[in-house]
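Below is one structure, written out as structure tokens; comments come after it.
The values are calculated or read from the model by the stated rules, or taken from the named source; none is laboratory data. Since we're looking at a predicted model, the values are computed, not measured. Note that each Cβ is placed from the backbone with ideal geometry, even for glycine, and that neighbours are counted across all protein chains shown.
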Amino acid sequence: MEGLMMNRPLSILSLLQFAAANHAEARIVSKTGNGSLHSYTYADCYRRVSQLASALRTLGVAPGDRIATLAWNTHRHFELYYAISGCGAVCHTINPRLALGQIQYIINHARDRLIFVDTSFVSLLEAIKGETLHVEGIVVMCHANDMPSTSLTNVHCFEDLVCGHSDGFAWPDLDENTASSLCYSSGTTGEPKGTLYSHRSTVLHALAACFPDNFGYSSNDTVLPLGAAFPRQCVGCPVFVSNGRSKPGFPRGKARCGLDFRFDGRSAGDLCAGRSYALGATARVSADPSPKADNVEENHVWRLGRADRVDPGLSG
């Protein structure tokens with residue numbers, strides 16, 4: 001005998017839809033690649049995610065297609081998490097710290113059809129141009145006036161795509177076991193190996209992350225994910241902040257010495273100015289200590305979990 005309670009498939013997009021409907025004015029703040037501060041609401045974000053999903057359909061993206069990202073933690077990357085998985089495709093976040101040969105292998109093994117790339121990683125794709133067998137187009141994540149000159153072909157501007165499409169996208173009803181996200185290992189034993197996440201696994205992870213005995217995030221918190229968005233889906237942070245209706249902030253990244261990519265500590269400090277953050281477990285291992293974010297006030301404790309469980313050593 002089955003129960004008589006409603007049976008709704010778990011979907012990543014539903015978390016953003018709930019946040020947009022019930023916490024519409026909560027703000028998402030990020031530092032962009034050019035150093036400017038971007039701020040908008042969950043309601044604004046959901047409209048743009050719907051426009052982005054319409055753009056993906058126009059580009060021929062079908063359910064099950066792998067759509068890659070080479071990007072830092074920004075509002076545009078946040079939007080891609082939801083637009084790609086919400087339309088039934090698979091969001092494949094690529095780690096730019098890997099060797100060029102590994103990145104080429106991953107793109108080909110995943111059979112990525114499109115790659116969304118931050119301006120700082122365009123040169124990386126140029127270095128493997130012609131070696132990516134299934135890629136049909138590149139979308140540079142910036143405004144038209146920030147588009148770099150490039151030797152890549154079939155290149156689109158992210159903002160032109162978003163602004164040129166309707167926000168009335170008809171979201172498909174997806175089975176909760178539909179693949180949503182793809183991440184590859186660093187290839188320490190042989191070639192990198194992929195892990196394929198489902199909507200169900202991601203939503204359950206988001207729910208568990210918000211429990212009091214875990215991170216305990218709620219709509220009263222502001223979260224600054226200092227872990228990169230590409231390995232392990234930033235440990236699920238872009239999803240569980242919407243589940244907890246928390247207000248995320250995203251520091252930009254910057255490139256040094258070829259492929260030695262690090263987060264910009266000063267931009268993280270700029271985001272902290274005037275705000276107190278509840279940080280996830282990725283903060284301890286991913287923050288860039290150089291240059292020191294000396295514009296962060298000492299009372300802004302970068303913490304793991306709730307305030308009553310802060311390790312004093314984390315605030316120094």
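Residue by residue, here is whether (1) in a helix (DSSP H, G or I); (2) within 28 Å of Leu15 (Cβ to Cβ); (3) touching a residue at least 40 places away in the same chain (Cβ under 8 Å) holds:
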| position | (1), (2), (3) |
| --- | --- |
| Leu125 | yes, no, yes |
| Cys142 | no, yes, yes |
| Asn145 | yes, no, no |
| Val162 | yes, yes, yes |
| Asp167 | no, yes, yes |
| Glu176 | no, yes, yes |
| Cys183 | no, yes, yes |
| Ser186 | no, no, yes |
Check your understanding: Do we have any residue at all in the stretch 33-53 that's part of a loop (DSSP other than H, G, I, E, B) and among the acidic types (Asp, Glu)?
Key -> no
Review point. Pairs, please: C-beta under 6 Å, at least 6 apart or cross-chain, first residue of a type in the set (Lys, Arg) and in the stretch 80-103, second surrounded by fewer than 24 Cβ atoms within 10 Å (Cβ to Cβ)?
Key: Arg97/Phe261
**Study point:** Selection count, the stretch 85-95, where residues are touching a strand residue (DSSP E or B) at 6+ places or on another chain (Cβ under 8 Å) and either among the β-branched types (Val, Ile, Thr) or buried (at least 23 other Cβ atoms within 10 Å of the Cβ) (or both)
**Key:** 7
Exercise for review: Return only the number of the condition from (1) out of contact with any strand residue (DSSP E or B) (no Cβ under 6 Å at 6 or more places or on another chain); (2) surrounded by fewer than 24 Cβ atoms within 10 Å (Cβ to Cβ) that Tyr82 does not satisfy.
Suggested key: (2)
Practice item. Determine whether Arg66 is modelled with pLDDT of 95 or more, touching a His at 6+ places or on another chain (Cβ under 8 Å) and among the charged types (D, E, K, R). Key: yes
Point to revise | Selected residue [modelled with pLDDT under 80, buried (at least 18 other Cβ atoms within 10 Å of the Cβ), under 19 Å from Lys31 (Cα atoms) and of a type in the set (Phe, Trp, Tyr)] from Phe215, Phe263 | key: Phe263
Check your understanding: Of all residues in the stretch 180-194, which are surrounded by 16 or more Cβ atoms within 10 Å (Cβ to Cβ), in contact with a Ser or Thr (Cβ under 6 Å, 6 or more places away or on another chain) and of a type outside the set (Ser, Thr, Tyr)?
Key -> Cys183, Pro192
Exercise for review: For the stretch 113-152, enumerate the residues that are among the polar types (S, T, N, Q), modelled with pLDDT of 95 or more and loosely packed, with under 14 Cβ neighbours inside 10 Å.
Suggested key: Ser149, Ser151
Practice item. Would you point out the residue of the stretch 177-197, among those that are β-branched (Val, Ile, Thr) and more than 19 Å from Cys87 (Cβ to Cβ), that is nearest to the chain's Cα centre (by Cα)? Key: Thr195
Review point. For the stretch 78-90, does any single residue satisfy the condition of being in a strand (DSSP E or B), over 11 Å from the mean Cα position of the chain (by Cα) and not acidic (Asp, Glu)?
Key: yes
Practice item. Identify the residue in the stretch 1-32 that is of a type in the set (A, V, I, L, M, F, W, C) and assigned to a loop (DSSP other than H, G, I, E, B) and, among all such residues, is nearest to Pro172 (Cα to Cα). Key: Leu10
**Study point:** Condition broken by Leu100, with the remaining ones in (1) of a type in the set (A, V, I, L, M); (2) more than 20 Å from the chain's Cα centre (by Cα); (3) under 23 Å from Ala179 (Cα atoms) satisfied
**Key:** (3)
Revision key, fill the gap. Scanning the stretch 190-217 for residues that are more than 24 Å from Pro172 (Cβ to Cβ) and in contact (Cβ under 8 Å) with a residue 24 or more places away in the chain gives Glu191, Pro192, Ala209, Cys210, Pro212, Asn214, Phe215, Gly216, Tyr217
Exercise for review: Considering only the stretch 188-224, state which residues are within 24 Å of Val90 (Cβ to Cβ), among the hydrophobic types (A, V, I, L, M, F, W, C) and part of a strand (DSSP E or B).
Suggested key: Leu196
Exercise for review: Enumerate the pairs (first residue in the stretch 22-34 and touching a residue at least 24 places away in the same chain (Cβ under 8 Å) and surrounded by 15 or more Cβ atoms within 10 Å (Cβ to Cβ); second residue anywhere and part of a loop (DSSP other than H, G, I, E, B) and β-branched (Val, Ile, Thr)) with beta-carbon separation below 7 Å, excluding pairs fewer than 6 apart on the same chain, so at least 6 apart or on different chains.
Suggested key: Ser30/Thr74; Thr32/Thr74
